[in-house]
Amino acid sequence: MRTQVAIIGAGPSGLLLGALLAKAGVDAVILEAKTPDYVLGRIRAGVLEQVCVDLLDEVGVGARMHREGLVHGGFELAFGGSRHRIDMKTLTGGKQVMVYGQTEVTRDLMDDRAAKGLTTIYEAANVSLHDFDGGKPRVRYQKDGATHEIECDFIAGCDGFHGVSRASVPAGAIQTFERVYPFGWLGILADTPPVSHELIYVNHERGFALCSMRSKTRSRHYVQCSLDDKVENWSDDAFWDELRRRLDPEAAETLVTGPSIEKSIAPLRSFVAEPMRFGRLFLAGDAAHIVPPTGAKGLNLAATDVSYLGSAIAEYYRDKSSAGIDTYSQRCLRRIWRAERFSWWFTSLMHKFPETGAFGQKMQAAELDYLVSSTAASTAMAENYVGLPL
Ligand code: FAD
Ligand code: DHB
């Protein structure tokens, strides 16, 4: 088989890149290791920046998001038993975010791809990347017992943190930067009404908590947990009790509990691989970088990477120019490091760090106090939360 761009991975990065390339008239094939149901079963991000909303609109898949998504103009920070609203909309001159789950974004992109007859090969096993340093890259994979090969001009590695793309780059050609945090997030999804109409980020002496949502009838909550915790050791009741303990009295009173639909533990990590281009191989999304989830930047960064990559590849075919391709890595990394900084800062502010002790807690309390009482500090936070400009 021959195509212009072989995309590895049908997560949000791969699917959105596929849609952007299709719109630009560039031929692409997506190879995905898992089944569509498996991809849709992963409950992950929930908050989309305006830039991400605009990209979904640009490729024509935004209709359901605008119908069902919830537009939020603020969020709350809870500490010391009370809540303080960060009015993003006022502080940023009108910018807001969209609460719409990654599962739904993925489903909309998958449905659109299927409706347009674009090729996605699911359950592609043992994907391997070849000759991306030369002019004729190839991708090999196995499906239904047979080995297949795709010849292409470019390979887009959109296969997440554990994918094959970054691992295919020779060790000497890539540099990585990493911080692993000494805790995880235990998350629960339930068909219960959200605690409040906006998100609540909680700093509590027992650890961080987040009250989020997927709709007006479906809530998504997280509590900071130990890295040794096992999800099977957390009954639904134990989760709700722990969450309630970390909430302010009014939120605790409002909390409606119910059976979980999904429950999982995610470790927290900051990670960046540099550069993001190796000859004719480009990394995008979680394949190149990870942020801790605090602030919901992961999916949004993935979307902006593929926006840069989609335009660079379109420009290559349309204008016979390599300018976009040559600056891809540099453009992405500037935005990535800023989001890494924000996610690291917000994580450091809100979680209980075993090693920093009572002094660390006093520093967090002083910073939170400053944050909610200074317009300059609130504005800086709001500006980052809604997403820095492209
Ligand atoms: P992925 O979504 O990881 O997609 C990569 C795809 O590649 C997958 O479908 C995978 O099956 C496929 N693949 C992997 N290896 C191969 C291979 N060898 N061959 C072919 N296909 C392959 N972000 C937030 O903003 N908020 C959150 O609350 C949040 N929670 C998260 C919880 C967890 C447990 C994780 C892991 C991430 C979370 N994120 C969150 C981050 C966000 O979900 C990611 O940033 C986003 O999914 C990145 O999309 P992606 O397409 O780059 O990678
Ligand atoms: C969600 C996750 C986040 O990390 C965040 O900052 C906000 C919302 C969520 O899953 O709903």
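The values are calculated or read from the model by the stated rules, or taken from the named source; none is laboratory data. The shown structure was predicted, so the numbers you read here are calculated from the model rather than taken from an experiment. So basically every Cβ, Gly included, is an ideal-geometry build from the backbone, and we count neighbours across all protein chains shown. For the accessible areas, the whole protein counts, side chains as well, though only heavy atoms, and no ligand, DNA or RNA atoms are used. Shrake-Rupley method; radii C 1.70, N 1.55, O 1.52, S 1.80 Å.
Using the structure shown, decide if C158 is in contact (Cβ under 8 Å) with a residue 24 or more places away in the chain and more than 22 Å from V39 (Cβ to Cβ).
No; evaluated as a whole, the condition is false for this residue.
Of the residues I261, I265, only one is touching a strand residue (DSSP E or B) at 6+ places or on another chain (Cβ under 9 Å) and under 26 Å from V180 (Cβ atoms); which?
On inspection, the qualifying residue turns out to be I265.
Residue by residue through region 182-203, note down the ones that are within 27 Å of T356 (Cβ to Cβ) and in a strand (DSSP E or B).
Once the filter is applied, which keeps residues that are within 27 Å of T356 (Cβ to Cβ) and in a strand (DSSP E or B), region 182-203 yields P182, F183, G184, W185, L186, G187, I200, Y201, V202.
Say we look at region 65-114 and pick out the residues that are basic (K, R) and open to solvent by 50 Å² or more (accessible area, probe 1.4 Å); which of these is farthest from ligand 2 (Cβ to nearest atom)?
The extreme case among them is R67.
For region 125-149, enumerate the residues that are touching an Asp or Glu at 6+ places or on another chain (Cβ under 9 Å) and open to solvent by less than 40 Å² (accessible area, probe 1.4 Å).
Listed by number, the residues that qualify are V127, P137, V139, Y141.
If I filter region 22-31 for residues that are assigned to a loop (DSSP other than H, G, I, E, B) and surrounded by 22 or more Cβ atoms within 10 Å (Cβ to Cβ), do I get at least one hit?
No: region 22-31 contains no residue that is assigned to a loop (DSSP other than H, G, I, E, B) and surrounded by 22 or more Cβ atoms within 10 Å (Cβ to Cβ).
Name the residues in region 328-367 that are buried (at least 17 other Cβ atoms within 10 Å of the Cβ), farther than 30 Å from I313 by Cα and out of contact with any helix residue (DSSP H, G or I) (no Cβ under 7 Å at 6 or more places or on another chain), would you?
W344, F346, T347, S348, M350, H351, K352
Can you find a residue that is closer than 20 Å to L118 by Cα, touching a strand residue (DSSP E or B) at 6+ places or on another chain (Cβ under 8 Å) and of a type outside the set (D, E, K, R) anywhere in region 49-56?
yes
Filter region 285-296 for residues that are within 6 Å of ligand 1 (Cβ to nearest atom) and farther than 15 Å from A156 by Cβ; which is least open to solvent (accessible area, probe 1.4 Å)?
A296
Could you please let me know if L91 is in contact with a Ser or Thr (Cβ under 7 Å, 6 or more places away or on another chain) and either of a type in the set (K, R) or at pLDDT 95 or above (or both)?
On the way: in contact with a Ser or Thr (Cβ under 7 Å, 6 or more places away or on another chain): yes; either of a type in the set (K, R) or at pLDDT 95 or above (or both): yes.
When the stated conditions are applied, L91 passes them.
Given the conditions (1) out of contact with any strand residue (DSSP E or B) (no Cβ under 7 Å at 6 or more places or on another chain); (2) aliphatic (A, V, I, L, M); (3) surrounded by 18 or more Cβ atoms within 10 Å (Cβ to Cβ), and given that V256 satisfies all but one, which numbered condition is not satisfied?
(3)
Select, from R206, R179, the only residue that is surrounded by fewer than 23 Cβ atoms within 10 Å (Cβ to Cβ), among the basic types (K, R) and either part of a strand (DSSP E or B) or within 14 Å of ligand 2 (Cβ to nearest atom) (or both).
R179
Being open to solvent by 10 Å² or more (accessible area, probe 1.4 Å) and of a type in the set (G, A, S) is the requirement here; does S219 meet it?
Details: open to solvent by 10 Å² or more (accessible area, probe 1.4 Å): no; of a type in the set (G, A, S): yes.
No, not satisfied.
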